[in-house]
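Remarks on the structure that follows.
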Amino acid sequence: MTLLRYCCCIILLSTFVLNVTAQNQWQVTSPDGHLQAKINLNEYGILFYTVGYMENSVNTQVIQSSTLGVEREDENFIDGLAFESITSRTIDENYSMISGKQLNLQNYANEINITFVKFGKKLSIIFRAYNDGVAFRYYFPETSTGNYTVRGEYTRVKLASSVGKAWMQPYDAVPYYERRINEYNIGQDSPNDAGWAFPALFNTNNFWVLVSESDVSRNNYVSHINRYVGSGDYKIDAPIQGDFKPNTPNSATSTLPWALPWRVLIIGKSPNIIVESSLINHLATPQNSTTDVRWISSGIGLWSWWSDLGSPTNYQRQREYVKAADSLSLKHVVVDGTWDVMGESNFQNLIRYGDSLGVKIWNWYDAGGLCEQLNGSDCNLMRDRNRRRAEFAKIHEWGVAGIKLDFFMSDKQEFIKLYFDILEDAAEFKLMVLLHGCTIPQGWQRRFPNLLSSEAVEGNEMLLFREEFRYDSPHHNVNVAFTRNVIGSVDFTPGVLSTDRVFHNTTTAHELALLSVFETGFTTLADRYQSYLQLPAIAKDIIGKIPVSWDETKFIEGTPDNYIILARRKGDTWYISGINGKSTARSVTISPTFLQAGSYLKQVIQDGADARQINVSQTNFQSGTQIPVTMLPYGGFTIVLKTNCPDILNIVQGISTLTMPYTAKEIQASNILNSGTNTTYSANKFVQLNAGFSAQTGSVFKAEIGGCTN
């Protein structure tokens, strides 16, 4: 487990803010000099911004002139603004995450803070330029204990061209974020009247742009793309008034000073910039560095609800899942809704049984939305602070490791406060958290490291309820990797291998590849445990050891709607995985140039003769070698490359043939090299030849110091 660490933020006065051709224009440039955001105040006091990409002295427009502005109840900061002051700084901050696509990160950007005034009231706009994108937020800098209300904003994102493709999901009036992420033409209307959800990915003018937000706090709401204005122009707006709570205002209220969420534009000439970006986390509020996080442990868990909806009530059935988790080397079991029906005594016995095998138990709670939908009599267990804390204290005493919170059902400020209250209380009682029926990630995993993952996706649960998803899920899964998963961990509930409950188009190898294609701080396997126990030993070994937090993530190749191949590293082990979103087979040749030179153990899961079969293999692999793979229609693969470099290697056996060198940090050899043997010992520290070592005539022996890959 990686402890959460923070380094001090280095703030430097800098000279990257430029006055451009006119008096009321300002510019901020990314550290590498490529991305340039320009802010302009016109003669009517209206703010606009543009984003360009500078390369070889040519500035290519990525975002055309787009409006800025926010509507506060007491003042309209849309026009009539006058420039007051500007400050600048460079941000260079190192920090670590408990889970994510990369654990050790550098938040490195140039920033300008421009303050404007209207009738004596102030609005600041903070712009940051990163090497992989631009972000900005509105900030009210004055101090007041009175309440101020934001009704909406006039922020637009006007793409450089209205010709191109977009990958988005429709925004629902009740925002579960559980609609298909499909390909559209830029400017195409949303299938409903609610607009589009964040994140939205665009490809136009030879650039990729992902639009989302970060650092929503308890004094904010979550926004979405309200509508398409025209000419590549999209407008950002507040939540829909008529959602699950139509009588709750869709505005936000706070005292001053007050920072609104970051508007985020991840920008690159290749999809790798989008997929590998951690910009959402860079912009998030850090967690208090003094808080103890040593109790947090990410992992993979079994979950019985998908395959047997009534099983959470059954104590014996849950015991079976605990035992199966232990057999698969998994450390978690999630007991879903209605777990309380089995009775507190049985549930505590289940926890004790799990403890005896080293398997942690999670349980499920309704955040209140489902209860209200069903006209329940008691919907306030999680909403009432005293009752919630009493419940958390009780289950912590029992030994519950984590909770799954479901049915939030609104993006309004009232519900953002509920998220924060629950996450803070859960951390106090040392409970890890999964969010379901929830809003999209906002960088909260940085602020609340006990938050391991969020749903906010049309995942495998919907195979049960939406027939069309059973056919559409392959390309949707590809699009999730290019969009939703970019902004934060996704609890997709992967791994549906069986087809007797519901048919699905994805192959077995595709479903298993999702365990490493998707990044999540906690993986909830959806299928019955028998489906995993019946797998070949190599596949079970991969499932039992696959990480859920990564030291490094690399985009290898792919395009939205079609396919994606990623490589993720944990320590010295690489996981290369891919999924095919199309109805035709796809062959690829992977050149793992990112590997350190050396030898590896290669484990492979790939499509077999048909969609339900897999082929597995385990062989030795030398760096510098290409890997050919063929994916069936809607298929996939997983390749694990483990360095062959133990700490200490004692070689005592005689060697008649050898296909690859011995590598270790330390090698002690007392063996006999038979005639015809050609071998190399590679070690970091030393090769020690003990009594008994000999090389017969006709053998070749070489010792290398510093040749081990570790």
With θ set to phi - 60° and the Karplus curve 6.51 cos²θ - 1.76 cosθ + 1.60, what are the ³J(HN,Hα) couplings of region 282-295 in order, to the nearest whole Hz, using x for Gly and Pro?
-> 4, 7, 7, 5, x, 6, 4, 5, 8, 6, 6, 10, 5, 7
Near Lys570, which aspartates and glutamates are there with a Cα under 12 Å away, not counting those fewer than 8 places off in the same chain?
-> Asp551, Glu552
Simple SL model, points at 7 angstrom along Cα→Cβ for Asn690 and Asp355; separation in nm is 4.3 nm
Per-residue Cβ contact counts at 10 Å, fewest first, order Glu458, Glu93 as Glu93, Glu458
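Once you list every other residue whose beta carbon is under 13 Å from the beta carbon of Leu632, what net charge do they have if Lys and Arg are +1 and Asp and Glu are -1?
On the way: positive: Lys582, Arg586, Arg612; negative: Glu511, Asp607, Asp610.
Around Leu632, the charge tally is 0.
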For the chain, build the convex hull from the C-alpha positions and give me its volume per residue in Å³.
-> 179 Å³
Output the antiparallel fraction of DSSP beta bridges having both residues in the chain, as a percent to the nearest 5.
-> 75 percent
Compute the separation of the alpha-carbon centres of region 62-112 and region 500-564 and state it in Å as a whole number.
-> 36 Å
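With respect to the cross-link table entries Lys360/Lys430; Lys430/Lys540; Lys545/Lys702; Lys101/Lys665; Lys245/Lys394; Lys38/Lys158, which display a Cα-Cα separation exceeding 22 Å? Don't skip to the answer; put the middle values down first.
On the way: Lys360/Lys430 13 Å; Lys430/Lys540 30 Å; Lys545/Lys702 34 Å; Lys101/Lys665 28 Å; Lys245/Lys394 30 Å; Lys38/Lys158 14 Å.
Violating the 22 Å Cα-Cα cut-off are Lys430/Lys540; Lys545/Lys702; Lys101/Lys665; Lys245/Lys394.
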Computed FRET efficiency, Cβ-Cβ of Val117 and Thr291, R0 35 Å: what is it to the nearest 0.05?
-> 0.35
Over the chain, relative contact order from alpha-carbon pairs under 8 Å, at least 6 apart, % | 10 percent
Ranking Tyr634, Tyr365 by Cβ neighbours within 10 Å, fewest first, what do you get?
-> Tyr365, Tyr634
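Note down the magnitude of the dipole of the chain about its Cα centre, charges +1 on Lys and Arg C-beta and -1 on Asp and Glu C-beta and zero elsewhere, to the nearest 20 debye. Working shown, then result.
Numbers: 60 positive and 69 negative charges, 259 e Å.
Charge dipole, the chain, about its Cα centre: 1240 debye, nearest 20.
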Answer in debye to the nearest 20: the dipole magnitude of region 10-282 about its Cα centre, from +1 Lys/Arg and -1 Asp/Glu charges placed on Cβ, is 80 debye
Give me the net charge of Arg128's neighbourhood, meaning all other residues with Cβ under 13 Å from the Cβ of Arg128; Lys, Arg count +1, Asp, Glu -1.
-> -2
Evaluate the distance, in nm, between pseudo-label points positioned 7 Å from the Cα of Lys582 and of Gln622 along their respective Cα→Cβ axes.
-> 3.4 nm
Region 292-355-region 403-454 distance, computed between alpha-carbon centres (Å) = 21 Å
Return Thr697, Thr483, Thr584 ranked ascending by Cβ neighbour count within 10 Å, so the fewest neighbours appear first.
-> Thr697, Thr584, Thr483
CD proxy, 222 nm, the chain: helix-only mean residue ellipticity via -39,500 (n - 2.57) per DSSP H run with n ≥ 4, per residue, nearest 500, stands at -4500 deg cm²/dmol
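Ordered by packing density, taken as the mean number of other Cβ atoms within 10 Å over each peptide's residues, highest first, how do 441-450, 253-262 rank? Each step should come with its number before you reach the end.
Working: 441-450: 25.4, 253-262: 18.7.
Ranking, from highest mean packing down: 441-450, 253-262.
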Note down the relative contact order for region 10-282 as a percent, whole number, built from C-alpha pairs under 8 angstrom at least six residues apart.
-> 17 percent
Using amide H atoms built 1.01 Å from N in the peptide plane, name the residues 5+ places from Trp258, or on other chains, whose amide H lies under 5 Å from its own.
-> Phe140
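So how much slack lies between Asp308 and Ser670, counting 0.36 nm per residue of separation and subtracting their Cα-Cα distance, in nm?
Values: separation 362, 0.36 × 362 = 130.32 nm, distance 5.69 nm.
Computed gain between Asp308 and Ser670 is 124.6 nm.
Laboratory data are not the source of any read-out in this text; all were calculated from the coordinates shown. This one's a predicted model, so the numbers in the text were calculated from it and none came from an experiment. Cβ sites come from the backbone with ideal geometry, for glycine too, and all protein chains shown count toward neighbours.
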